[in-house]
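Bear in mind that the values in this text are calculations on the coordinates, not laboratory data. These figures come from a predicted structure and were not determined experimentally. Positions of Cβ are generated from backbone atoms using ideal geometry, with glycine treated the same way; all protein chains shown enter the neighbour counts.
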Amino acid sequence: MDLRSAAKGFLAFLLSVPVLQGNGDLTARGVEYAPKTPSVTVSPSGEIEEGSSVTLSCSSDANPAATYNWFSNIRAYPSREMKEGQQLVFRPILSSQSGQYRCEATNKLGGNYVTYSINVNYGPKHISVSSSPSGEIKEGSSVTLSCSSDANPAAEYTWFKNNQPLLWGPSQPHTFPSVRPEDRGTYRCHAENKYGQLSSKTIIMDVQYAPKTTSVTVSPSGGIEEGSSVTLSCSSDANPAAEYIWFKINQSLLWGPSQPHTFPSVRPEDRGTYRCLARNRYGQLRSKSIIMDVQYAPKTPSVTVSPSGGIEEGSSVTLSCSSDANPAAEYTWFKNNQPLLWGPSQPHTFPSVRPEDRGTYRCHAENQYGQLSSNSIFLNVTYDPNTPSVTVSPSGEIKEGSSVALSCSSDANPAANYTWFREHEDSVKASGQNYTITNITSELGGNYYCQAHNAIGLHNSTFLLIKVCIQCLKTTDVALTTSSSWTTTVAVRGIVVLLATVLLLVFLCMRRKRASSKACGQGGRPDTVEE
């Protein structure tokens with residue numbers, strides 16, 4: 001046996017020798033040594049959830065027995081802060097207590113330690129949404145929405161727009177490469193793991209853009225009656241909100257940028273085509289035009305005649321009626337205040353105007369909102385004189401030395417002028433409608449006629465024979481002569497008729513005798529012959 005082996009055997013012997021204790025008891029005393037590397041156990045085992053009770057137990061092989069101290073590098077237990085005891089108890093454990101803990105085992109011979117990590121699991125906390133860039137976002141720019149939360153294990157995210165889920169998948173952040181107006185809205189995210197879930201507050205993604213789809217509306221729509229209240233409204237999809245400029249028939253209106261615009265009592269002159277221009281700092285856009293159709297009863301109807309002035313018989317003449325009305329008026333024509341069956345259409349044309357068409361005309365305009373009559377106009381048809389007629393006073397034979405009055409009349413427009421002539425004489429006997437011959441003589445008898453003439457033409461009357469007698473029969477003598485002649489005529493006619501009747505009777509009697517003689521010669525019966 002070598003020296004080393006002998007020493008080991010002696011040492012073993014010394015350790016096996018009982019030692020006498022202070023109380024007089026003899027006990028076996030082992031070899032003293034410093035703590036071995038401690039070991040840590042956790043109860044309950046498995047995953048640690050926030051709010052549960054957790055106990056960490058530390059143990060180490062040491063002689064003499066070790067004392068234990070716990071140290072932590074987290075906020076709950078600042079570094080070098082010591083907690084004594086073999087066990088470290090959390091009631092309840094908090095998410096903030098996740099971290100590394102060190103258990104130190106010491107005795108008089110030294111110390112040793114071990115580090116143990118606690119991973120506390122918990123549902124999402126402190127969830128928030130952010131937008132990059134923040135503030136104003138212009139259409140077409142790139143925008144990223146991010147959602148963050150404190151959770152263990154890490155949360156998965158669901159996005160919502162205007163409280164409607166988006167199919168973006170659980171990953172985040174989400175990027176809009178070219179943001180559009182329709183992406184504008186309120187967004188929030190929902191964080192979830194197996195320990196819980198939590199929704200963020202909403203964030204507004206304010207996408208700004210120039211006006212789009214500018215349009216004009218009129219209320220009430222359709223036919224608008226004069227005097228009613230009418231509102232014109234311009235709308236546009238724009239952010240920021242657009243200002244509006246109004247136009248009527250391409251002329252700008254000084255209505256200011258606000259809208260809608262209201263006509264408290266709309267007038268006919270407000271009728272027209274309207275449009276608006278929407279603008280903001282990003283651009284501008286015009287609306288399509290809209291017609292505001294103000295409807296009203298006829299106003300100021302008037303009648304015109306074409307051609308104007310004097311109208312000659314046989315020419316073509318047109319009567320027209322006009323009125324400011326909406327909807328367009330229908331017209332009724334009157335002549336001398338009597339309605340004409342011309343129908344509602346107009347103008348009315350006389351292809352060949354006649355004298356009887358002359359008169360006073362007016363029209364009556366009417367639509368569903370009212371009616372009104374025009375002023376009157378006189379249709380003056382001019383024509384040459386008709387064949388004149390001549391009268392004489394006294395009538396019949398004219399006694400020499402008396403006065404004779406001749407009168408001539410003719411229908412003409414303009415009124416005719418009259419000239420008197422005697423047959424076979426070229427000189428004018430007199431001018432004027434009436435011609436009086438005083439102290440007439442037989443030499444002044446004969447055929448007279450008058451001539452009627454105006455600017456259109458002339459006509460001569462037929463001849464009027466004036467017989468001048470020196471001694472004319474009185475009226476009573478003429479009457480007696482006429483009565484005697486009539487009696488004589490009647491008597492002659494009576495005699496003629498009587499003679500004709502006698503001759504007829506003789507003729508019939510002679511025929512009857514001839515017939516009787518013939519019958520007797522043939523042996524006829526007497527009664528037959530008699531018959």
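Take the alpha-carbon centre of region 230-244, take the same for region 388-440, and report the distance between them in whole Å. After rounding, the separation between the Cα centres reads 90 Å. Using a Förster distance of 60 Å, how high is the FRET efficiency between Val31 and Lys125, based on the Cβ-Cβ distance and rounded to 0.05? In this case the efficiency is close to 0.65.
Around Tyr33, under 12 Å between beta carbons, what's the net of Lys plus Arg minus Asp minus Glu among the other residues? Around Tyr33, the surrounding residues sum to 0.
The alpha-carbon of Lys299 sits under 18 angstrom from the alpha-carbons of these aspartates and glutamates, leaving out residues fewer than 8 places away in its chain: Glu225, Glu226, Glu269, Asp270, Asp324, Glu330, Glu366. Computed extension length for Ser320-Ser117: 62.2 nm, one decimal, from 0.36 nm per residue of separation with the Cα-Cα distance subtracted.
The aspartates and glutamates within cross-link reach of Lys83, meaning a Cα-to-Cα straight distance under 12 Å and a gap of 8 or more places when in the same chain, are Glu104. A Förster radius of 22 Å combined with the Cβ-Cβ distance from Lys429 to Asn380 puts the calculated FRET efficiency at roughly 0.10.
Computed from the C-beta positions of Ala154 and Ala241 and an R0 of 41 Å, the FRET efficiency is 0.50 to the nearest 0.05. Taking only the Cα atoms of region 28-71, the radius of gyration and Dmax are 14.7, 48 Å.
Per residue, the convex hull spanned by the alpha carbons of region 103-233 comes to 194 Å³. This model, with +1 at the C-beta of Lys and Arg and -1 at the C-beta of Asp and Glu, gives region 307-450 a dipole about its Cα centre of some 300 debye.
Each peptide in 208-215, 349-356 gets a packing score, the mean of other Cβ atoms within 10 Å over its residues, and the list from highest to lowest is 208-215, 349-356. In the distance distribution for region 353-436, Cα-Cα pairs more than 18 Å apart total 65 percent. For the pair Leu167 and Arg267, the difference between a 0.36 nm per residue extended length and the Cα-Cα distance amounts to 30.4 nm. With θ taken as phi - 60° and the Karplus curve 6.51 cos²θ - 1.76 cosθ + 1.60 applied, the whole-hertz 3J(HN,Hα) list for region 378-393 is 9, 8, 9, 8, 9, 7, 6, x, 6, 4, x, 10, 10, 10, 10, 9 Hz, x standing for glycine and proline.
Average projection, convex hull of the Cα set of region 266-322: 7.5 square nanometres.
Count Lys and Arg as plus one, Asp and Glu as minus one, and take only other residues whose Cβ is under 13 Å from that of Leu406; the net charge is then +2. Quick check: Cα centre of region 154-207 to Cα centre of region 324-367, how many Å? Between the Cα centres of region 154-207 and region 324-367 lies a distance of 76 Å. Could you tally the net charge around Lys125, taking each other residue with its Cβ under 13 Å from the Cβ of Lys125, Lys/Arg +1 and Asp/Glu -1? The answer is -3.
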